[in-house]
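Okay, so here's the structure we're looking at.
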Amino acid sequence: MERTFIAIKPDGVQRGLISEIIARFERKGFKLVAIKLVVPSKAFARKHYHDLKDRPFFNGLCNFLSSGPVLAMVWEGEGVIKYGRKLIGATDPFKSEPGTIRGDLAIVVGRNIIHGSDGPETAKNEINLWFKPEELTNYTSNQEKWVYGVN
Ligand code: GTP
Ligand code: MG
């Protein structure tokens, strides 16, 4: 089953939005398969955001990501990569629709509270960067037969 990497950034953690954000993924029917609270080093933040290394905000972004605890998670479900991004909303919270996490809970692009992998390749790389294989769980949730309608 498809998996994606989702992280609540230091602003989301400090603002007490962990339960609110997790609830949105849970209620949709997605399954949490890994979770930990970590303070990434600046070097680690640079690895995570390496695709953006030529952008003017790169340094500030990496400083920010490493400024406090980040809640790193892996969520599993059909279409979770794409739909996770939909739950999160547009990068700039000013352009995110109401009803999305960023649309409802953030205002500026530099403090948009959450990260989500943007495609299958990125998801695989980010899960491997943030988690050791033994930190990823494999289990059947009781909900699955009700969420997907299979026996
Ligand atoms: P992530 O899920 O965090 O990767 O966001 P995204 O995929 O919606 O956007 P992108 O990967 O392009 O940018 C990564 C992060 O850089 C964003 O979430 C923002 O926090 C930050 N960012 C993007 N564009 C800007 C910008 O124009 N200015 C500033 N200050 N930060 C930006
Ligand atoms: Mg991105």
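Placing +1 on each Lys and Arg Cβ and -1 on each Asp and Glu Cβ, with no other charges, gives segment 80-151 a dipole about its Cα centre of roughly 140 debye.
With contacts taken as Cα pairs under 8 Å and at least 6 residues apart, the chain reaches a relative contact order of 34 percent. Excluding ligands, DNA and RNA, the accessible surface per residue across the chain is 57 Å² with a 1.4 Å probe. Since only Ile113, Thr140, Ser66 are under comparison, the one whose Cα sits farthest along the positive direction of the charge dipole of the chain, derived from C-beta charges on Lys, Arg, Asp and Glu, is Ser66. Only the Cβ atoms of Lys and Arg (+1) and of Asp and Glu (-1) were treated as charged; on that basis the dipole of the chain about its Cα centre amounts to roughly 260 debye.
For segment 82-146, the share of accessible area belonging to carbon and sulfur comes to 55 percent (1.4 Å probe, ligands and nucleic acids excluded). Descending by average beta-carbon neighbour count within 10 Å, the peptides 74-81, 59-66 line up as 74-81, 59-66, the highest first.
Going down the list Lys53/Lys82; Lys9/Lys124; Lys47/Lys82; Lys95/Lys132; Lys47/Lys86, which pairs span over 27 Å between their C-alpha atoms? Violating the 27 Å limit, Cα to Cα: Lys95/Lys132. Using alpha carbons only, the radius of gyration of the chain set against its Kirkwood radius gives Rg/Rh = 0.96. Between Lys82 and Lys132, the FRET efficiency estimated from the beta carbon spacing at R0 = 25 angstrom works out to 0.45.
The values are calculated or read from the model by the stated rules, or taken from the named source; none is laboratory data. This structure is a prediction, so every number in the text was calculated from the model and none was measured. Counting neighbours? That spans all protein chains shown, and the Cβs are built from the backbone with ideal geometry, glycine included. Areas reflect the complete protein model, heavy atoms only, side chains present, ligands, DNA and RNA absent. Shrake-Rupley method; radii C 1.70, N 1.55, O 1.52, S 1.80 Å.
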